[in-house]
1. Using the count of nearby Cβ atoms within 10 Å as a rough guide to exposure, how do Trp234, Trp65 rank from fewest to most?
2. Rounded to the nearest 5, what % of DSSP beta bridges with both residues in the chain are antiparallel?
3. For a distance above 26 Å, tell me the whole-number percent of Cα pairs in the chain that qualify.
4. At 0.36 nm per residue, minus the direct Cα-Cα distance, what do Asp22 and Arg140 gain on full extension? Give it in nm, one decimal, please.
5. Quick check: the angle from helix 11-21's long axis to the longest principal axis of the chain, C-alpha only, nearest 10 degrees?
6. Fewest to most neighbouring Cβ within 10 Å: what's the order for Val217, Val108, Val267?
7. Hey, what angle do you get for helix 231-242 against the long axis of the chain, alpha-carbon based, 0 to 90 degrees rounded to 10?
8. For the range 224-301 and the range 140-170, what is the separation of their Cα centres, given in Å?
Amino acid sequence: MRVAVTGARGRLGHAIVQALEDAPFSGPAGPTAWARDAFDLDTPDLIATRLDRDRPEVVVHAAAWTDVDGCALDPGLAMQRNALATGVLATACAGRGIDLLVVSTNEVFDGTRADGPPYESTAPRSPANPYGASKAEGERLAELAFAARPGAALGIARTAWLFGRPGHDYPSRILDAAVRARQVGEPLRLVDDEWGTPTYIADVADAVVELLAEDAVAGVHHLINAGLTSRAGWARDALERGGLEVDTVDVPSSTWERPSRPPRWGVLAPTPLPSREPMRSWQAAMADYAPSLLRALGGRV
Ligand SMILES: NC(=O)c1ccc[n+]([C@@H]2O[C@H](COP(=O)([O-])OP(=O)(O)OC[C@H]3O[C@@H](n4cnc5c(N)ncnc54)[C@H](OP(=O)(O)O)[C@@H]3O)[C@@H](O)[C@H]2O)c1
């Protein structure tokens, strides 16, 4: 099966390419890694030529403008990159009978529900910030494109709170902040009213490979590790794994001034994979990631 991956130099895109390289169904040539020079979200019309040249049977669309605060400051550009470009890609794929898996986010939901249950894959989209709105519109445009040209399969794979190599993620930022807080003798402030599921990039990549291998791309998938926690809970897990002792204080997210307001309750209900094996707990995934996380921290602990 010829698979192309957009955003192939991004954190998730790169992990998906790596996982596909080990998948027998990718064939000897392996996956086609499309970085920005192959599919630029600012010039999406060029994708038609690229599709005709590389002739993938499936495209995994992991490229996106993921700077949520940047999106809040320029919602028009967010729509262009995350919604319209996805729509152009989907139209080009549907017209050629190419399956498409669009990577999306828990931020398509506003996170205002306070009654406890997670968001099911069937729940109506209700984005609360420009990043979420642009991703939700990307989903909608992809659905319209495939409804207009039935034949190939469209999948939407939502995930959340990604962590993993090469870092630059929430656990790395927390450990860096803890080192700084200890140096200046101040408590580390942790947000305790934002909830979600930390999810390991490598596990999402494996889940995507499973969907492709089992010809189960179609539909809306929630690919997240098992369990849930608050930002503060996740931070404490990382601090413990790092053996970093620092005073902490819980604060509401409203104490942080930022252009984008993340969902308070960003919890997705996981969808079953073809194997029916649930994804492992986020803590088990953090345990796997910890050695690389701590190496990146170097001798600063
Ligand atoms: N990070 C999370 O916690 C999270 C949570 C839920 C869903 N997601 C979704 O997961 C997917 C991958 O996210 P990630 O965390 O791997 O993000 P990332 O590391 O920022 O990767 C995004 C990729 O998109 C590419 N890109 C950005 N702007 C582009 C443009 N104008 N034209 C072409 N390519 C462009 C980047 O290219 P360069 O390498 O050239 O910059 C990069 O390869 C996205 O769809 C995101 O919405 C992420």
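All of the numbers you see were taken from the coordinates with simple rules; none came from a lab. This one's a predicted model, so the numbers in the text were calculated from it and none came from an experiment. Cβ sites come from the backbone with ideal geometry, for glycine too, and all protein chains shown count toward neighbours.
1. Fewest-to-most Cβ neighbours within 10 Å comes out as Trp65, Trp234.
2. Percentage antiparallel, nearest 5: 5.
3. So the portion of pairs separated by more than 26 Å is 45 percent.
4. 39.3 nm
5. With rounding to tens, the tilt is 50 degrees.
6. Val217, Val267, Val108
7. The angle comes out at about 70 degrees.
8. The distance from the Cα centre of the range 224-301 to that of the range 140-170 comes to 22 Å.
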